[in-house]
Amino acid sequence: ALEKRIQDLEARQQQYPEVTFLTYKDRKRILVTGGAGFVGSHLVDRLMLAGHEVIVADNFFTGRKRNIEHWIGHENFELINHDIVNPLYIEVDQIYHLASPASPPHYMYNPVKTIKVNSIGTINMLGLARRVRARLLFASTSEVYGDPEVHPQKETYFGNVNPFGPRSCYDESKRVAEAMCYAYAQQEGISIRIARIFNTYGPRMHMNDGRVVSNFVLQALQNEPITIYGTGKQTRSFQYVSDLVDGLIALMNSNYSMPMNLGNPDEYTIEQFATKIKELVGSQASIVYKDPVIDDPKQRRPDITLAKSWLNWEPKVLLSDGLNKTIAYFRNELLVKHHSNRN
Ligand code: NAD
Ligand code: UDP
Ligand code: UDP
């Protein structure tokens, strides 16, 4: 059996020369919660290509089987249809805990469930980590900084979050999850990693998640008005998904256990962003201004000094390159949708 494994490994290495493959002893059993989602599925691809055993636990609230279907049937891959609010008893070495609704319309759709997923769900994953002595990486968010009064945001900033508003179900439950990670680390000696993820985009984003990238790209592709909420002077900084996956894996395998920002420091106003997407698509769409969103953060940009010094990590993908790939993905999705509507 060992010989066969080594042969497989050599064959894979030849197929994907750019990837470093692991010997059997370096192979880990890795749980990715939310692994059928946008970020999770890209992470799964990378971990599978590196030769790990990967278990995905996902309840398909916003994730799709299609995102990971290419691994179904692979001997190193397992998919569990599981709601993370319920306990999960398996044996693993590492846990990437990503399960949570992520876009404002999705997390506001059922705010009580959003709170349960990030609180009870995270307790369950920490309980699992405690039982099997696995390391857990929690997918936190730049939303822990709320509508920041400090710019750019460093990890030491405590944030400016409204505890009682439409975004609080997400922001506060991510904050309590960080507190739980800290408590389990201190009290139970669990090894934890916390990634504060800033706005991320790329292929496999949801068509209808209501986030700015998917909205603008779809509107531009269909020559529908591009909808700016509020003045369009609010800013965001967008990172391409492959950069984030690099950062997540580097953070998991580092020895830094405090929260760390992962994001692209290139900052744009939403207005600039709308124009950029329109240009890249070559669209005739008009730009329209809608009502502002409640508690919408006015500016957001990560300070990534920590990630640079601890992980030697920084984003590599240029916005126009990342957007072109994302536009190509959405263009194809629209074609698929169009065809399936006709049949
Ligand atoms: P996504 O919606 O594509 O993925 C989330 C996944 O979690 C989906 O597959 C969904 O089905 C699953 N899920 C939700 N509730 C679940 C439950 N109760 N049990 C099991 N699975 C459940 O979103 P994403 O953009 O890939 O986000 C992944 C993680 O990264 C989330 O934790 C999110 O909060 C965090 N994050 C994302 C961004 C971003 O810009 N994409 C920014 C900051 C933080
Ligand atoms: N848990 C789990 N898988 C495990 C171990 C625990 O899902 O392998 C859940 C369990 O349901 C519990 C939670 O994690 O509610 C917290 O576990 P912990 O051991 O910290 O606390 P306790 O079991 O004492 O409540
Ligand atoms: N936004 C917009 N038009 C849209 C969707 C979003 O102007 O169709 C704005 C939104 O108000 C916010 C920014 O784009 O200022 C980013 O929104 P998104 O929902 O993508 O993520 P957030 O960073 O707010 O979680």
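Regarding the range 284-297, can at least one residue be identified that is polar (S, T, N, Q), in contact (Cβ under 8 Å) with a residue 40 or more places away in the chain, more than 14 Å from ligand 1 (Cβ to nearest atom) and more than 30 Å from Ala185 (Cα to Cα)?
Checked against the condition, which is being polar (S, T, N, Q), in contact (Cβ under 8 Å) with a residue 40 or more places away in the chain, more than 14 Å from ligand 1 (Cβ to nearest atom) and more than 30 Å from Ala185 (Cα to Cα), the range 284-297 yields at least one hit.
Being in a helix (DSSP H, G or I), within 16 Å of ligand 3 (Cβ to nearest atom) and open to solvent by 30 Å² or more (accessible area, probe 1.4 Å) is the filter here, so list the residues in the range 167-201 that pass it.
Answer for the range 167-201, where residues must be in a helix (DSSP H, G or I), within 16 Å of ligand 3 (Cβ to nearest atom) and open to solvent by 30 Å² or more (accessible area, probe 1.4 Å): Glu172, Arg175.
Take the range 221-242 and flag every residue that is away from ligand 1 (no atom under 16 Å from the Cβ), outside any strand (DSSP E or B) and open to solvent by 20 Å² or more (accessible area, probe 1.4 Å).
Matches in the range 221-242: Leu221, Gln222, Asn223, Glu224, Pro225, Thr231, Lys233.
Please state which one of Ile90, Ile80 is touching a strand residue (DSSP E or B) at 6+ places or on another chain (Cβ under 8 Å) and open to solvent by less than 30 Å² (accessible area, probe 1.4 Å).
When all the criteria are applied, what remains is Ile90.
Is at least one residue of the range 276-289 part of a strand (DSSP E or B) and aliphatic (A, V, I, L, M)?
For the range 276-289, residues part of a strand (DSSP E or B) and aliphatic (A, V, I, L, M): present.
Taking the residues in the range 125-166 that are among the small types (Gly, Ala, Ser) and within 16 Å of ligand 3 (Cβ to nearest atom) as candidates, determine which candidate is surrounded by the most Cβ atoms within 10 Å (Cβ to Cβ).
Ala139
Does Leu218 fit the bill of being in a helix (DSSP H, G or I), at pLDDT 95 or above and either open to solvent by 50 Å² or more (accessible area, probe 1.4 Å) or under 30 Å from Tyr182 (Cα atoms) (or both)? Please lay out each step first, then the result.
Values: in a helix (DSSP H, G or I): yes; at pLDDT 95 or above: yes; either open to solvent by 50 Å² or more (accessible area, probe 1.4 Å) or under 30 Å from Tyr182 (Cα atoms) (or both): no.
No: the conditions fail for Leu218.
Looking at Ile249, Ile270, Ile192 in this structure, which one is within 16 Å of ligand 1 (Cβ to nearest atom) and touching a Cys at 6+ places or on another chain (Cβ under 6 Å)?
Within the list Ile249, Ile270, Ile192, the selection yields Ile192.
Tyr107 passes all but one of (1) surrounded by 14 or more Cβ atoms within 10 Å (Cβ to Cβ); (2) more than 16 Å from ligand 3 (Cβ to nearest atom); which number fails?
Evaluating Tyr107 over (1) surrounded by 14 or more Cβ atoms within 10 Å (Cβ to Cβ); (2) more than 16 Å from ligand 3 (Cβ to nearest atom) leaves (2) as the failure.
The values are calculated or read from the model by the stated rules, or taken from the named source; none is laboratory data. Bear in mind that the values here come from a model prediction, so they are computed numbers and not experimental data. FYI the Cβ positions are ideal-geometry reconstructions off the backbone, even for glycines, and counts take in every protein chain you see. In case anyone asks, the SASA skips ligands and DNA or RNA and just uses the protein heavy atoms, side chains included. Shrake-Rupley method; radii C 1.70, N 1.55, O 1.52, S 1.80 Å.
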